[in-house]
Amino acid sequence: MENYISIARKGIALWVMTVLLTFTLKACGKDDYPIGTITLTTSAPFVELFIETKEGSENFTIDWGDGRRSNLKTPNADGLSIQNEYSGNILRNIVITGTITRLDCNNAGLTALELDNKKELTVLNCNSNQLKSLDVSQNTKLKYLNCSNNQLTSLDVSRNTALINLNCSNNELTTLDVRSNKALVELNCRRIQLTTLDVSRNILLENLECDNNLLTSLDVSKNKSLSLLSCASNKLTATALNDLFRSLPHYRGLDYSEIGVIYISHRRPGTLENPGIFDCDRSIADKKGWVFMTIR
């Protein structure tokens, strides 16, 4: 009889623990856990990473893909630089686990970068690699993204509504939609293949660098905070440039000495220029307080 009572008590205890665990998981929700990983694929003989974690005190783990594993903690909010040297140029996956808020993986020979459920990531610098694709759709807290000097053919930042700074220059992009990025202050989309660029919803934009594209028109009439514009080496005719000048915000006559700076031409020999640079009316921009500069 005592055995039956003992078994019954164990059964009730197990049932209670199951109910409590189920209730806890439902209450917390999946998104409350710092789950997910960052996976970097590379065959480079040397990799250097810079990592910041939540509040500068969280633990994180790096599996270097060569049998070595690092369990680390960022000492403070300044982050931590980590290096690893490999014996051969073998393709390997580097896996980072933890609550990462910033990752710099520049010049790491990356051919793939996967950001699995890394919603806490706010800064990502992955420039100067060999990436052909980059999915940042889950990184909805991302504020700074530098993915320049890669081989990207597309980039979807429609869900990254917190973006303040975006640099996607020197890629193989033919389109770029930043209409959802209303917090954007700096945009560098130089040396890609854009034929159109709509910045009408980026009302906080201050710096816009879109030279070396295929733009035939550009309207910045909604960008009242714009102070730097670089649009050299596009296909802007004299008419298109005059329309652009008319859309520039006014600086002349303001109580402070701030001016706007605009680049519409290169100094580099052999560089294709906007066809209208010699026939446009620069006085339209000059009267608004804009100064013309030449890209060296």
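Residues of the range 106-128 being assigned to a loop (DSSP other than H, G, I, E, B), open to solvent by 10 Å² or more (accessible area, probe 1.4 Å), within 23 Å of residue 158 (Cβ to Cβ) and modelled with pLDDT of 95 or more, which ones?
Narrowing the range 106-128 to residues assigned to a loop (DSSP other than H, G, I, E, B): 106-109, 116-122, 126-128.
Restricting the remaining residues to those that are open to solvent by 10 Å² or more (accessible area, probe 1.4 Å) gives 106-107, 109, 116-117, 119-120, 122, 127-128.
The next check asks that each one be within 23 Å of residue 158 (Cβ to Cβ); those that pass are 116-117, 119-120, 122, 127.
122, 127, listed by residue number.
So residue 48 fits all but one of (1) within 24 Å of residue 129 (Cβ to Cβ); (2) touching a Ser or Thr at 6+ places or on another chain (Cβ under 7 Å); (3) at pLDDT below 90; what number is the exception?
(3) is the only condition that residue 48 fails.
How many residues does the range 68-87 hold that are within 15 Å of residue 47 (Cα to Cα), at pLDDT 90 or above and loosely packed, with under 11 Cβ neighbours inside 10 Å?
Going through the range 68-87 one residue at a time, the tally reaches 3.
Condition check: in a loop (DSSP other than H, G, I, E, B), in contact with a strand residue (DSSP E or B) (Cβ under 6 Å, 6 or more places away or on another chain) and open to solvent by 20 Å² or more (accessible area, probe 1.4 Å). Does residue 258 satisfy that?
No; evaluated as a whole, the condition is false for this residue.
Mind checking which residues of the range 272-296 are among the aliphatic types (A, V, I, L, M), surrounded by 13 or more Cβ atoms within 10 Å (Cβ to Cβ) and in a loop (DSSP other than H, G, I, E, B)? Working first, answer last.
First pass over the range 272-296, keeping only residues among the aliphatic types (A, V, I, L, M): 272, 277, 284-285, 291, 293, 295.
Cutting the leftovers down to surrounded by 13 or more Cβ atoms within 10 Å (Cβ to Cβ) gives us 277, 284-285, 293, 295.
Scanning the range 272-296 gives a single hit, 277.
Mind listing whichever residues of the range 258-284 are touching a Leu at 6+ places or on another chain (Cβ under 9 Å), of a type in the set (Val, Ile, Thr) and more than 16 Å from residue 211 (Cβ to Cβ)?
Correct list: 284 only.
Suppose we keep only residues that are free of Cβ contacts under 8 Å to residues at least 24 places away in the same chain and over 21 Å from the mean Cα position of the chain (by Cα) within the range 192-249. Which one would you say is least open to solvent (accessible area, probe 1.4 Å)?
Restricting to residues being free of Cβ contacts under 8 Å to residues at least 24 places away in the same chain and over 21 Å from the mean Cα position of the chain (by Cα), the top hit is 215.
Across the range 74-105, what is the total count of residues that are farther than 16 Å from residue 64 by Cα, outside any strand (DSSP E or B) and either touching a Ser or Thr at 6+ places or on another chain (Cβ under 9 Å) or without any contact (Cβ under 8 Å) to a residue 12 or more places away in the chain (or both)?
6
Checking the structure you have, find out if any residue of the range 168-186 is under 25 Å from residue 286 (Cα atoms), open to solvent by less than 10 Å² (accessible area, probe 1.4 Å) and not hydroxyl-bearing (Ser, Thr, Tyr).
no
Polar (S, T, N, Q), out of contact with any strand residue (DSSP E or B) (no Cβ under 8 Å at 6 or more places or on another chain) and farther than 19 Å from residue 191 by Cβ: does that describe residue 137?
Judged against the criteria, residue 137 is a match.
Residue 231 is checked against (1) more than 19 Å from residue 206 (Cα to Cα); (2) in contact with a Cys (Cβ under 8 Å, 6 or more places away or on another chain); (3) not aromatic (Phe, Trp, Tyr) and fails just one. What number does that condition carry?
For residue 231, the exception is condition (1).
The values are calculated or read from the model by the stated rules, or taken from the named source; none is laboratory data. Everything quoted here is computed from the prediction, not taken from an experiment. All Cβ positions, even for glycine, are placed from backbone atoms using ideal geometry, and neighbour counts span all protein chains on display. Heads up: the accessible areas ignore ligands, DNA and RNA and are worked out on the full protein's heavy atoms, side chains in. Shrake-Rupley method; radii C 1.70, N 1.55, O 1.52, S 1.80 Å.
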